[in-house]
């Protein structure tokens, strides 16, 4: 019997998913946590993840039983060619976490769990303008991205998204006139995800090592959640940040908290100018940020710098000062803190010390 291509794909998907049970149960300290496998009905057929991190890796998505928010409850408005991969889901989850920090409309452009650009609304900007700022922070990295909003997407924003190649768009909702715009491209996936709360209770982080050993860790949360809490932190430099610098420092810090270490974020006026991630040395990630900013024509004068770990030496300050960066937020704690502070004072840079490191190794 000859099989159609659609039937062959259906048989393959069924075989791929058979090894993944419908429910799994974790027992932590005597408490059982049950998770249900996530599947979506597409053309009268149950469908799960297309594949894992790579096409040859099978995968299944599970959500906590009874949960109502978060990426495990995504409602697909447009399925695309063949549904989401594990990376599409992970980018949506991490992007949702980033935009949850912001009370105003915000967008995160995601690639491989890291944002290539983040922006938040200033004044009465529409979502299209906010998205444009996030994308143009690093338009090269934004190619083939996953875009996450914390507010509804309208037709103008949909048109802006469709002007370049985007794989997936997640938002709490899509206005009716936006949906036909997305139909112009077969492969783009559109998912509704309820906005998550930044202060929600998170389960422990679970890291499974190559030998099967497991590390359980408290979930990361920053205690710096508002301008008021930021202004309580020590400022060891002669110059204190002015109001707009405090705002920029807070927003840059939030983004830095969700970027793979070593991480630095350069930020001004509600948008990232460059995001450096995953470097092994601190000044190297700053140099990478500066190079990115120059590549795309971003003027760094008057921008703010957030670092997820302490700035160990004055070379970081010298690099920042040469670009006109005016304010810094970092944990502090280097044996050369005094020299770093002196270098800031020499260059008129205001610096806030968080006393809190925000390394991320996802």
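List of remarks:
- Diffusion of segment 305-362 by Stokes-Einstein, at 4 °C in a medium of 1.567 mPa s and with Rh set to the Kirkwood radius over alpha-carbon pairs, works out to 114 µm²/s.
- The angle between the Cα long axis of helix 86-99 and the main principal axis of the chain comes to about 40°, on a 0 to 90 degree scale.
- Those residues of segment 252-271 whose amide nitrogen sits under 18 Å from the label point placed on residue 361, 7 Å along Cα→Cβ: 257-264
- Debye equation applied to the C-alpha atoms of the chain, log10 I(q)/I(0) at 0.11 Å⁻¹: -0.79
- Fewest-first ranking of 287, 160, using other Cβ atoms within 10 Å as the exposure measure: 287, 160
- Residues of segment 246-273 with an amide N closer than 14 Å to a point placed 7 Å from the Cα of residue 123 along the Cα-to-Cβ direction: 269-270.
- Under a Gaussian network description of the chain, with springs only between Cα atoms under 10 Å, the residue in 100, 213, 151 that fluctuates furthest is 213.
- Of the peptides 45-52, 325-332, the order by per-residue mean of other Cβ atoms within 10 Å, starting with the highest, comes out as 325-332, 45-52.
- Net length gained if the chain between residue 319 and residue 335 were fully extended (0.36 nm per residue, minus Cα distance): 3.8 nm
- Springs between Cα atoms under 10 Å define the GNM used for the chain, and in it the highest mean-square fluctuation of 222, 41, 256 occurs at 41.
- The value given for segment 20-192 is a Kirkwood hydrodynamic radius of 16.7 Å, derived from the mean inverse Cα-Cα separation.
- Inter-part distance, segment 115-192 to segment 211-252, computed on C-alpha centroids, equals 28 Å.
- P(r) histogram, all alpha-carbon pairs of segment 119-175 included - 5 Å bins from 0, percent: 4, 19, 34, 28, 12, 2
- For segment 181-258, the square roots a ≥ b ≥ c of the C-alpha gyration tensor eigenvalues yield an a/c of 1.5 or more together with a/b not exceeding b/c, which makes the shape oblate.
- Separation of the residue 232 and residue 173 label points, Cα + 7 Å toward Cβ, nm: 3.5 nm
- Full-stretch length increase - residue 26, residue 218 - with 0.36 nm per residue and alpha-carbon distance subtracted: 67.5 nm
- Descending Cα extents along the principal axes, segment 223-353, whole Å: 35, 29, 25
- Residue among 227, 273, 286 with the largest mean-square fluctuation in a Gaussian network model of the chain, springs linking Cα atoms under 10 Å: 227
Here, each number is a calculation from the coordinates, and none is a lab measurement. Bear in mind the structure is a predicted one, so any value in this text is a computation, not a measurement. A quick note on method: Cβ atoms are made from the backbone with ideal geometry, for glycine too, and the neighbour counts reach across all protein chains shown.
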